[in-house]
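In what follows, a single structure is set out as structure tokens and then discussed.
The values are calculated or read from the model by the stated rules, or taken from the named source; none is laboratory data. These numbers were taken from a predicted model, which means no experiment stands behind them. Positions of Cβ are backbone-derived with ideal geometry, glycine not excepted, and every protein chain shown enters the neighbour counts.
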Ligand SMILES: Cc1ncc(C[n+]2csc(CCOP(=O)(O)OP(=O)(O)O)c2C)c(N)n1
Ligand SMILES: [Mg+2]
């Protein structure tokens, strides 16, 4: 089994070791299994007929099966103190960033011990321990990632801010304005566009002038790279450079990654706007299979891959079981967490001054 | 509502069908009417607001747009100022923040700020409301936020019949109209509606005036003033209280701007008790406004006042907490009982 530094994989040079590749594989499989299991759990109680407001998992659910390579390829270059913001489709990114899987799952199930005590839900995961946050409003997670970069810069630290967004979000002001702000100040920020070809029912060519979202970087005088293959090793290569550039104070980068949408936009999406052929094409291009093949060609046997998969499965299962065991919040808990300071602010006493001149 | 029609209408429609029917009719009659929004073409609107329109009108007039609310809502303002009749959809009203300037400072103010030299005959459609655990960024109604800034009419249908007539009126209005439809009322398969919003709907076109509240249930004891989904929750509360001998009148505002004060006052003159109900945040909003209009006119006209709204917190995700904060029939019943002498 080779564990060399420079290997030729998929036609480009990479410095990823087999050990690292296995760790990519484990995270990717975990993220995939997680989404598949959540899909099952979500549907329970919502069918027949699909009622979004029934069942054990509340609300909408956007699953990221097929997008694992982008999350894992990027987040493996990050430390806990680096900040990541994710959009409405956040689970794979959260897993890759090391968000507490149990508490994240409890949040998705709307439980009291969830990351946000059941207040946020699946599109609004916050884990300050690993500097992870989300927003369900398209591109609105991007400016706060720039804020994390700004903070690192002001404090002269070498951490970075990373914003994930979908290809549908690249025309949103919050993204474009953030590119400029980050670029003007050479902030340590990386923008990751996950291109899954679709923004709900809208194909990219209908809503974006350029089919290469990384070209958005051009007008803001920063590097833009498109990773044209759904390959974690290629993503990792691009991200290593971009994250390194940011850490070393050389400014922001845009990376767009081709990923695939193996499921509907949200659970319950009839996908009538999408051809069978397209759905099939997305399912056939599987970054996990691709990585497994690479691992095999590096002498990793099927047994080892199966072991990794089992480990991922049991980790996911454990998180789901734990989450389902957690208490539901009390109705009155709704009123907690509004303020850090009591309603009157940091003080409850009036200052004691005599102001001159009040009488004339 | 239907009793105003001379001939009996049998044909029933969901609220989304009724909305779409009005839009289609206006588009047939006026080439300058067009619809822009995310997922309004092939998808037919996430909440069925444009279902079937692409087939008839094509992509030039049923336009999927980039996810850039500022640009397409602003473009609707511009096209309206050119004299076209655009309809722009905010998929969820919660996303208005992204395009706040175009809505608040351009759409709503250009008529006045131009001294009437220009006008903005556009409709801004937006899905509103919670009850399905979509959390704080996807569950608001923002009724008060929209009604607060002068310069746009604000319309909130609660039934298919009203939805159609109000939509015709909205498209024909020479001023900007925010048309806020509640997701729970549309009749979407995956978001089952309560009984009530699906009504008889005349096939022919008709307009319902703005500023004309509708008494959805007559009663002598207590006046409930509400709108949107909560019309149905108030009607449910009224039915239950009827068993206790409390006779509740339910007024559906149908539009916030203009606000039909007269219908509210007439009712309160009769009942002497007022319960204002809505699905927006309590403070600085619809319920406070409704009560103030009555009280400032004649402080003596009302013996008891209650309000039921979302407490001043973002809408939580988990079901027990969302149910706690979104008013239901029981909350309304309790408020009504509290006005009893
Ligand atoms: C400002 C705003 N507009 C619209 C939406 C509704 N919406 C949610 S996801 C989505 C499509 C996003 O597409 P993309 O960015 O490509 O991400 P993907 O869903 O493909 O992961 C839209 C329009 C939103 N959440 N926020
Ligand atoms: Mg996409």
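Within the range B:281-299, identify whether any single residue is assigned to a strand (DSSP E or B) and modelled with pLDDT of 95 or more, and answer yes or no. Yes - at least one qualifying residue is present in the range B:281-299. Test residue A:169 against the criterion of being more than 21 Å from residue A:37 (Cβ to Cβ) and within 16 Å of ligand 1 (Cβ to nearest atom), and give yes or no. Spelling it out, residue A:169 is indeed more than 21 Å from residue A:37 (Cβ to Cβ) and within 16 Å of ligand 1 (Cβ to nearest atom).
The sole residue among A:145, A:133, A:139 that is part of a strand (DSSP E or B), within 16 Å of ligand 1 (Cβ to nearest atom) and at pLDDT 95 or above is A:133. Would you be able to say whether some residue in the range A:78-85 is in contact with a helix residue (DSSP H, G or I) (Cβ under 9 Å, 6 or more places away or on another chain) and within 16 Å of ligand 1 (Cβ to nearest atom)? Yes: one or more hits. Here residue A:313 does not fit the description of being surrounded by 10 or more Cβ atoms within 10 Å (Cβ to Cβ), within 14 Å of another protein chain (Cβ to nearest Cβ) and assigned to a helix (DSSP H, G or I).
For the range A:153-193, the set of residues classified as assigned to a strand (DSSP E or B) and either away from ligand 2 (no atom under 16 Å from the Cβ) or within 14 Å of chain B (Cβ to nearest Cβ) (or both) consists of A:161, A:162, A:165, A:166, A:189, A:190, A:193, listed by residue number. When the range B:104-126 is limited to residues that are under 26 Å from residue B:279 (Cβ atoms) and touching a residue at least 60 places away in the same chain (Cβ under 8 Å), the one that is farthest from ligand 1 (Cβ to nearest atom) turns out to be B:108. Within the range B:54-104, the residues that satisfy the criterion of being within 14 Å of another protein chain (Cβ to nearest Cβ), in contact with a strand residue (DSSP E or B) (Cβ under 7 Å, 6 or more places away or on another chain) and within 23 Å of residue B:164 (Cβ to Cβ) are B:54, B:62, B:63, B:89, B:90, B:91, B:92, B:93. Please verify whether the range A:196-208 includes one or more residues that are in contact with a strand residue (DSSP E or B) (Cβ under 7 Å, 6 or more places away or on another chain) and more than 16 Å from ligand 2 (Cβ to nearest atom). No, the range A:196-208 has no match at all.
Is one or more of the residues making up the range B:125-141 in a helix (DSSP H, G or I), within 14 Å of another protein chain (Cβ to nearest Cβ), buried (at least 22 other Cβ atoms within 10 Å of the Cβ) and in contact with a helix residue (DSSP H, G or I) (Cβ under 6 Å, 6 or more places away or on another chain)? No: the range B:125-141 contains no residue that is in a helix (DSSP H, G or I), within 14 Å of another protein chain (Cβ to nearest Cβ), buried (at least 22 other Cβ atoms within 10 Å of the Cβ) and in contact with a helix residue (DSSP H, G or I) (Cβ under 6 Å, 6 or more places away or on another chain). The single condition among (1) farther than 24 Å from residue B:94 by Cβ; (2) buried (at least 19 other Cβ atoms within 10 Å of the Cβ) that residue A:166 does not satisfy is (1).
For (1) within 14 Å of another protein chain (Cβ to nearest Cβ); (2) free of Cβ contacts under 8 Å to residues at least 40 places away in the same chain; (3) crowded, with 24+ Cβ neighbours inside 10 Å, each residue gets a yes or a no:
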| site | (1), (2), (3) |
| --- | --- |
| A:71 | no, no, yes |
| A:74 | no, no, yes |
| A:93 | no, no, yes |
| A:97 | no, yes, yes |
| A:101 | no, no, no |
| A:106 | yes, no, yes |
| A:131 | no, no, no |
| A:140 | yes, yes, no |
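Restricting attention to the range A:243-262, the residues that are touching a strand residue (DSSP E or B) at 6+ places or on another chain (Cβ under 6 Å), part of a loop (DSSP other than H, G, I, E, B) and closer than 26 Å to residue A:288 by Cα total 2. Would you call residue B:19 in a strand (DSSP E or B) and under 24 Å from the mean Cα position of the chain (by Cα)? So residue B:19 does not fit the description; no. Exactly one residue among B:189, B:211, B:245 is surrounded by fewer than 18 Cβ atoms within 10 Å (Cβ to Cβ) and modelled with pLDDT under 95, and that residue is B:189. Does residue A:265 fit the bill of being within 16 Å of ligand 1 (Cβ to nearest atom), within 14 Å of chain B (Cβ to nearest Cβ), buried (at least 20 other Cβ atoms within 10 Å of the Cβ) and in a loop (DSSP other than H, G, I, E, B)? Considered against the rule, which asks whether it is within 16 Å of ligand 1 (Cβ to nearest atom), within 14 Å of chain B (Cβ to nearest Cβ), buried (at least 20 other Cβ atoms within 10 Å of the Cβ) and in a loop (DSSP other than H, G, I, E, B), residue A:265 comes out as yes. If we keep just the residues of the range A:211-230 that are part of a loop (DSSP other than H, G, I, E, B) and within 15 Å of ligand 2 (Cβ to nearest atom), which is surrounded by the most Cβ atoms within 10 Å (Cβ to Cβ)? Result: A:230.
The rows are residues; the columns are (1) within 16 Å of ligand 2 (Cβ to nearest atom); (2) out of contact with any helix residue (DSSP H, G or I) (no Cβ under 9 Å at 6 or more places or on another chain).
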| residue | (1), (2) |
| --- | --- |
| B:36 | no, no |
| B:45 | no, no |
| B:48 | no, no |
| B:54 | no, yes |
| B:57 | no, no |
| B:62 | no, no |
| B:66 | yes, no |
| B:69 | no, no |
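Of the strands (runs of 3 or more DSSP E) lying entirely inside the range B:174-258, the ones with 3 or more residues being within 19 Å of residue B:14 (Cβ to Cβ) are found at B:177-182. Checking each residue in the range B:27-53 for being assigned to a helix (DSSP H, G or I) and either within 12 Å of ligand 1 (Cβ to nearest atom) or buried (at least 20 other Cβ atoms within 10 Å of the Cβ) (or both) picks out B:27, B:53. Pick from the range B:290-309 the residues that are surrounded by 20 or more Cβ atoms within 10 Å (Cβ to Cβ) and under 21 Å from the mean Cα position of the chain (by Cα): which of them is farthest from residue B:130 (Cα to Cα)? Checked the range B:290-309; the qualifying residue farthest from residue B:130 (Cα to Cα) is B:291. Restricting attention to the range A:272-308, the residues being under 19 Å from residue A:203 (Cα atoms) and surrounded by 11 or more Cβ atoms within 10 Å (Cβ to Cβ) number 8.
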